[in-house]
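What follows is one structure encoded as structure tokens, with my remarks underneath.
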Amino acid sequence: MRRTQRLSKSRFTAGLQCLKQLWWRVHEPQAPELVVDPRTQAIFDQGAKVGVVARTHVPGGRLVDRPYNAYAERLALTRQFLDERVPAIYEACFVADDVFVAVDILERSRDGFHLIEVKSSTSVKDEHLPDAAIQLHVLGRSGLDVGRAEVMHLNRACAYPDLHDLFVRQDVTAEAEALLPGIPGSVRTQLEALAGPLPEVAIGDHCSAPRACPFIERCWPTPPAHHVSTLYFMRQRAAALEAEGYSTIFQLPPDVSLNRTAARQVRAVRSGRMVVEPGLAEALETFEPPLAYLDFETVNPAIPVWDGCHPYDAIPAQFSCHVENGTGGFDHHEWIAEGSGDPRRPMAERVIAACRGARTIVAYNASFESGCLQRVAAALPDLREELARVQARLADPLPVVRNFIYHPDFGGSFSLKSVLPALVPELEYDELEVAEGNAASVHLARLMFEPQSLDAAERTRLLRALYRYCELDTWGMVKLLERLRGIAARS
Ligand code: SF4
């Protein structure tokens, strides 16, 4: 006989998504799929920080500050604060119907309590409503008079240093109350599922929404190579084709209607050879030498910390730049911000200097670099013109690759990480300690905002890995352009 399980806010919302996922989360808490990676941990940490700051915007409250699993103590302290009629309780705990909830902020008001769910998003999302509804249910069953349910989320319009409007408190009472009639049934179903064997649940769209399920590899079969889902920019069409019984690109009928890029993909995959369209050489003429190759890595703090920044603004904190030096070689410039000071001016001055002699500045998916330059320029009026000149010289190889080339190994993606291994296989990304931009962002944020969490050896290792990663991106672009020119010359 299984021990009776309790639900929590997070378990309940996982159970709404899928009973099988809930069952694994509860009965296999040590599952490797549930091990938190550094990026997810950084998101959790950021959420926790937002939660703490949110309390200061509903001041005068008391925190139920007891260990996570000291449930009885947390309930007792909440009861004590309620009896003392404190104006707000942070992490107020309640239990009813075998559901334990900790309310982020419970604010006492003349029209009853206000239940406030704090989110580090910048808007209310549909998936926040069951979260509020389960709390309304438990608080109602605990005899509390709740007059209003709110989602308190970050405000993108807020700009540092004036953080008085950092949060928006949005009333979701009506939407959450509309879900209340279904809550007891859902709770019962979830508790019964937890008491029984692993539930049978078919795979489907619910596996990726509202959140990607961590158990996808357990449930979903590994798709064959060149599965129809890899068709470029044809998500819905691919789903329809799969429903019609087509599994791989090889099986598609000859008259299948596809966008131009996906049609090129099909030709390349079927022939097993790279397809090159006429006009590649002309398209490459945009890249007029001397060339510089530029790449930024960014940090995007949820709570802005530098003048004029909004929540989640992506601020460049590292760059790499390879510049043709006129003698057949390249000069390499690079920089990483350390410490929590504003990186924009030192970054801007170095980037302007590095790119000074270049006629064209190559950036893969250049809208990202362009946006970074624009945000930096907005903060530095004296450098605005020079930064605008850097921005005006940006040229992007991505649309050239997408419009003129398809290699069967692209796998339906034109990201640099998909294109380079196919076109420049001698470059090795796999061995890098930092192998993608999100990881770089997490490590940069750690170096800047939590230097105390790193000892000297770790700091050195991290810096080296970040420098290596960013340098490889710009060197990869150098090699990519060389390769594209070689292909154009032969076609
Ligand atoms: S992959 Fe889908 S079916 Fe499997 S546990 Fe996750 S949500 Fe449920």
Which listed residue, of HIS310, HIS322, is surrounded by 15 or more Cβ atoms within 10 Å (Cβ to Cβ) and in a loop (DSSP other than H, G, I, E, B): HIS310
Residue satisfying all of: in segment 21-46; closer than 20 Å to LEU191 by Cα and open to solvent by 30 Å² or more (accessible area, probe 1.4 Å); farthest from the ligand (Cβ to nearest atom) among these: PRO29
Odd one out for LEU383, checked against (1) within 26 Å of the chain's Cα centre (by Cα); (2) closer than 29 Å to PRO301 by Cα: (1)
Evaluation of ALA178 against (1) surrounded by fewer than 13 Cβ atoms within 10 Å (Cβ to Cβ); (2) within 9 Å of the ligand (Cβ to nearest atom) (one fails), failing number: (2)
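Each row is one residue, and each column tells you yes or no for (1) assigned to a helix (DSSP H, G or I); (2) within 15 Å of the ligand (Cβ to nearest atom); (3) open to solvent by 60 Å² or more (accessible area, probe 1.4 Å).
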residue	(1), (2), (3)
CYS213	no, yes, no
PHE233	no, no, yes
LEU258	no, no, no
THR261	yes, no, no
GLN265	yes, no, no
ARG270	yes, no, yes
For PHE287: the one exception among (1) in contact with a His (Cβ under 7 Å, 6 or more places away or on another chain); (2) farther than 19 Å from ARG235 by Cα; (3) not β-branched (Val, Ile, Thr): (1)
Criterion: over 18 Å from PHE215 (Cα atoms) and touching a residue at least 60 places away in the same chain (Cβ under 8 Å) - qualifying residue of VAL64, VAL86, VAL95: VAL95
Conditions (1) of a type outside the set (Lys, Arg); (2) free of Cβ contacts under 8 Å to residues at least 40 places away in the same chain; (3) open to solvent by less than 50 Å² (accessible area, probe 1.4 Å); (4) touching a Ser or Thr at 6+ places or on another chain (Cβ under 9 Å): number failed by HIS333: (3)
Matching residues in segment 128-152 - criterion: being in contact (Cβ under 8 Å) with a residue 40 or more places away in the chain and either open to solvent by 50 Å² or more (accessible area, probe 1.4 Å) or among the basic types (Lys, Arg) (or both): ARG141
THR78 in contact with a Cys (Cβ under 7 Å, 6 or more places away or on another chain), among the polar types (S, T, N, Q) and within 23 Å of ALA48 (Cβ to Cβ): yes
In segment 164-211, the residues that are charged (D, E, K, R) and not in a loop (DSSP other than H, G, I, E, B): ARG169, ASP171, GLU175, GLU177, ARG188, GLU192, ASP205
Count - residues of segment 355-367 that are surrounded by 18 or more Cβ atoms within 10 Å (Cβ to Cβ) and assigned to a helix (DSSP H, G or I): 1
Within segment 197-210, considering residues that are modelled with pLDDT of 95 or more and open to solvent by 90 Å² or more (accessible area, probe 1.4 Å), the one nearest to the ligand (Cβ to nearest atom): GLU200
Hits in segment 181-195 (condition: in contact (Cβ under 8 Å) with a residue 60 or more places away in the chain and either within 16 Å of the ligand (Cβ to nearest atom) or closer than 16 Å to ALA132 by Cα (or both)): PRO184, SER186, VAL187, THR189, GLN190, ALA193, LEU194
Meets criteria (more than 16 Å from the ligand (Cβ to nearest atom) and more than 24 Å from GLN5 (Cβ to Cβ)) for ALA157: yes
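The values are calculated or read from the model by the stated rules, or taken from the named source; none is laboratory data. Keep in mind that this is a model prediction, so the values were computed, not measured. Glycine also receives a Cβ, built like all others from the backbone with ideal geometry; neighbour counts cover every protein chain displayed. The accessibility values were calculated without ligands, DNA or RNA, using every heavy atom of the protein model including side chains. Shrake-Rupley method; radii C 1.70, N 1.55, O 1.52, S 1.80 Å.
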